[in-house]
Amino acid sequence: MPARVIGMIGVAPPQGTALHVIAGGISPTFLKEFAQAHEAAHFDYVLVGYYSSSAEGFNVANYAAAHTEKLAYLVAHRPGVVAPTLAARAAATVDQLSGGRLALHIIAGNSDADQQREGDFSPKEERYQRASEYLDVMRKVWTSKTPFDYEGKFYRFRDVFSEARPLQQPYPPLFFGGSSPGALEMGARHCNVFAMFGEPLAETAERMAEFRAMARQHGREAGFNLSFRPIIAETEGAAWDKAKKVLDDLKAGPLPVKPQDKSAERLVELAKRGDVHDERLWMPVAGAAAGKGNTSCLVGTPEQVATAMLKYYRLGVTSFLIRGFDPLGDVTEFGRELIPRLKAGALEIDRAQQSAA
């Protein structure tokens, strides 16, 4: 399977060394430029993030899709804010209008404070239970050929039917992330791809094996995505110098003070164990940022970082979310130096495995 590369777009130009790209107002010109830069760099998808204060994701994806031809959009979606019946029709509409270029990243909410800004005071584990029902309803809306009723703990519907159907069949890919039991159970039951932060190879292999077993209990095969912040330069020494400057720049500004969820806690613990793991995985930014913002870094030349990523590909990770600390500038550099090496290396691995079989 070819390696799939995912970026991340925002709607307003970030200032300086950026930890996040979804804050700020809305600049249609910047959004268009950002999406087109990813397409030119041969990214397959871009993530459209979600905060209670950020621009609405389906609209962002629709606008960006209208200004690109092949780039697909992984829209972060928070169950519980709107009815699942409406969300299913909205997603089907975007999928049709974009020519089948939609995927959803399901986030049940890692921050109680951000949930409460949207009127949701449910405890976290209950949110995952509700999200599981929500996805059950959405999948029925997308696939049911006749009207249906639904009776659950959180949702109740009568005579539901949608004339808006996704172009992708049976429906757009569903991603999710998380480390709590509720998150993993929800994902194993409903989702196609488990999206994880970058961790060392041994820990990653262990998590993948555990989740594969959970998914198979529901008759599903699991896919995997890893998130990294590549820091690349022409020489290894220059890459490490660049990494240290990134850390210094970020420390000069405000940073989160404590992890918001179990996935972030895992990154902070890895950072405490050591700065460098598996030769290229650099964790001080994750430690400084309390595990927030996809801050596991891979440092080295483009060849070295691609080689490090391909070790995860051999484990069964088939998609990688990569973004830099210079969001727009790094997109171009990744497209020129990193993505071609990663995709070519993945094809070589596939050919070798096919020959061996």
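Values quoted throughout were computed directly from the atomic coordinates according to the rules given, and no laboratory measurement underlies them. Here the structure is a predicted model, which is why all the values come from computation and not from measurement. Counting neighbours? That spans all protein chains shown, and the Cβs are built from the backbone with ideal geometry, glycine included.
Per the Kirkwood formula on distinct C-alpha pairs, the Rh of region 162-232 is how many angstrom? Over region 162-232, the inverse of the mean reciprocal pair distance is 13.3 Å. Counting Cα-Cα pairs of the chain in 20 Å increments starting at 0 gives whole-percent bin shares of 30, 61, 9, 0. For the chain, give the share of DSSP beta bridges that are antiparallel, in percent and rounded to the nearest 5; count only bridges with both residues there. Antiparallel bridges make up about 15 percent of those DSSP assigns within the chain.
Hydrodynamic radius of region 61-161 by the Kirkwood approach over all distinct alpha-carbon pairs: 14.7 Å. Can you list the aspartates and glutamates whose alpha carbon is less than 20 Å from that of Lys32, not counting same-chain residues fewer than 8 positions off? Partners found: Asp44, Glu56, Glu69, Asp95, Asp326, Asp330, Glu333. If one takes the longest principal axis of the Cα atoms in the chain, at what angle in degrees, from 0 to 90 and to the nearest 10, does the Cα axis of helix 28-40 lie? The helix 28-40 is inclined about 70 degrees to the chain.
Please state the relative contact order of region 1-122 as a whole percent: Cα pairs under 8 Å, 6+ residues apart?
22
For Tyr171, neighbours were defined as the other residues whose beta-carbon sits under 13 Å from its Cβ, and their charges (Lys and Arg +1, Asp and Glu -1) total +2.
Which of these, Asn225, Asn192, Asn59, has the largest mean-square fluctuation under a Gaussian network model of the chain (Cα springs below 10 Å)? Residue with maximal mean-square fluctuation among Asn225, Asn192, Asn59: Asn59. Using only Cα atoms, locate the centre of region 142-176 and the centre of region 56-87, then give the distance between them in Å, rounded to an integer. When both Cα centres are located, 17 Å separates them.
Judged by the ratio a/c of the largest to the smallest principal axis of the C-alpha gyration tensor, region 207-335 counts as oblate, that ratio being 1.5 or greater while a/b is no larger than b/c.
Subtracting the Cα-Cα distance of Asp275 and Ser180 from their residue separation scaled by 0.36 nm leaves 31.7 nm. Electrostatic bookkeeping for Phe157 treats Lys and Arg as +1 and Asp and Glu as -1; over the other residues with beta carbon under 14 Å from its beta carbon, the sum is +1. Projecting label points 7 angstrom from Cα along Cα→Cβ for Arg158 and Thr332 puts them 6.0 nm apart. Please report the spacing between the Cα centers of region 107-130 and region 1-49 in Å, no decimals. Using only Cα atoms to place each centre, the spacing works out to 26 Å. Electrostatic bookkeeping for Ala213 treats Lys and Arg as +1 and Asp and Glu as -1; over the other residues with beta carbon under 13 Å from its beta carbon, the sum is 0.
For the chain, the relative contact order is 19 percent, taking Cα pairs closer than 8 Å that sit 6 or more residues apart in sequence and dividing their mean separation by the residue count.
Between 0 and 90 degrees, the angle of helix 236-251 with respect to the longest Cα principal axis of the chain falls at about 60 degrees. Stokes-Einstein diffusion for region 278-320, with the hydrodynamic radius set to the Kirkwood value over Cα pairs and evaluated at 25 °C in a medium of 0.890 mPa s, equals 219 µm²/s. Its Kirkwood hydrodynamic radius, worked out from the mean inverse distance over all distinct Cα pairs, puts region 197-250 at 13.8 Å. Select from Phe194, Phe43, Phe121 the residue whose mean-square fluctuation is largest in a Gaussian network model of the chain (Cα-Cα springs shorter than 10 Å). It is Phe121. Can you give the angle from 0 to 90° between the axis of helix 262-273 and the longest principal axis of the chain, with both taken from C-alpha atoms, to the nearest 10? Orientation of helix 262-273: about 10 degrees from the principal axis. For the chain, a Gaussian network of Cα nodes joined below 10 Å ranks Gly109, Gly237, Gly253 by mean-square fluctuation, and the top entry is Gly253.
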